[in-house]
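J.: Here it is, the structure, as structure tokens.
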Amino acid sequence: MSGNETTLHENSSSESLLKVYLRLRNTKSGATTPDVYYVDPDEPGSLVATAPDNSETHKNSHRNHTLSVQKFKFSKIFVPSTSQAELFESTALPLLGRWNDEFSGFF
């Protein structure tokens, strides 16, 4: 996944009651970590994570205690180039709009 990608990956079940968002960030050095995780292009909203070679998870996977590769599902994944405004407009603003619609008669 390139750091210049600005698209938002969204799970097709976006009307569920509970939404879980993931915001990917670059490392402190500014690099991405494609060897640790990638967004699955065949399943929008899915992130595949691989345990680093020096981690306990990776070591335990060779002893059949854990898996070194895990897939996680999210309502939406925001890539590193996502602006704070895009994040707000996609996550908080719809909630505020629904809240305002429900309670506007009381003000």
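J.: Can you tell me which of (1) within 12 Å of the chain's Cα centre (by Cα); (2) modelled with pLDDT of 75 or more is the one Leu8 doesn't meet?
T.: Condition not satisfied by Leu8: (2).
J.: Something else now. For the stretch 40-70, what are the residues that are of a type in the set (A, V, I, L, M) and at pLDDT 85 or above?
T.: First pass over the stretch 40-70, keeping only residues of a type in the set (A, V, I, L, M): 47-49, 51, 67, 69.
Result: Leu47, Val48.
J.: Which of the residues spanning the stretch 76-85 are in contact (Cβ under 8 Å) with a residue 12 or more places away in the chain and more than 20 Å from Leu18 (Cα to Cα)?
T.: Answer for the stretch 76-85, where residues must be in contact (Cβ under 8 Å) with a residue 12 or more places away in the chain and more than 20 Å from Leu18 (Cα to Cα): Val79, Pro80, Ser81, Thr82.
J.: Looking at the stretch 71-88, is at least one residue surrounded by 11 or more Cβ atoms within 10 Å (Cβ to Cβ), modelled with pLDDT under 85, hydrophobic (A, V, I, L, M, F, W, C) and outside any loop (DSSP other than H, G, I, E, B)? I'd like the intermediate steps shown before the answer.
T.: Of the stretch 71-88, the ones surrounded by 11 or more Cβ atoms within 10 Å (Cβ to Cβ) are 71-82, 86-88.
Within this subset, residues satisfying the condition of being modelled with pLDDT under 85 are none.
Scanning the stretch 71-88, I find no residue that is surrounded by 11 or more Cβ atoms within 10 Å (Cβ to Cβ), modelled with pLDDT under 85, hydrophobic (A, V, I, L, M, F, W, C) and outside any loop (DSSP other than H, G, I, E, B), so the answer is no.
J.: Name the residue that is farthest from Val20 (Cα to Cα), counting only residues in the stretch 89-107 that are hydroxyl-bearing (Ser, Thr, Tyr) and at pLDDT 85 or above.
T.: Of the residues in the stretch 89-107, the ones hydroxyl-bearing (Ser, Thr, Tyr) are 90-91, 104.
So of that shortlist, the ones also at pLDDT 85 or above come out as 90-91.
On the way: Ser90: 12, Thr91: 10 Å.
Residue satisfying both the conditions and the ranking: Ser90.
The values are calculated or read from the model by the stated rules, or taken from the named source; none is laboratory data. Remember, predicted model here, so these are calculated numbers, not experimental data. Cβ sites come from the backbone with ideal geometry, for glycine too, and all protein chains shown count toward neighbours.
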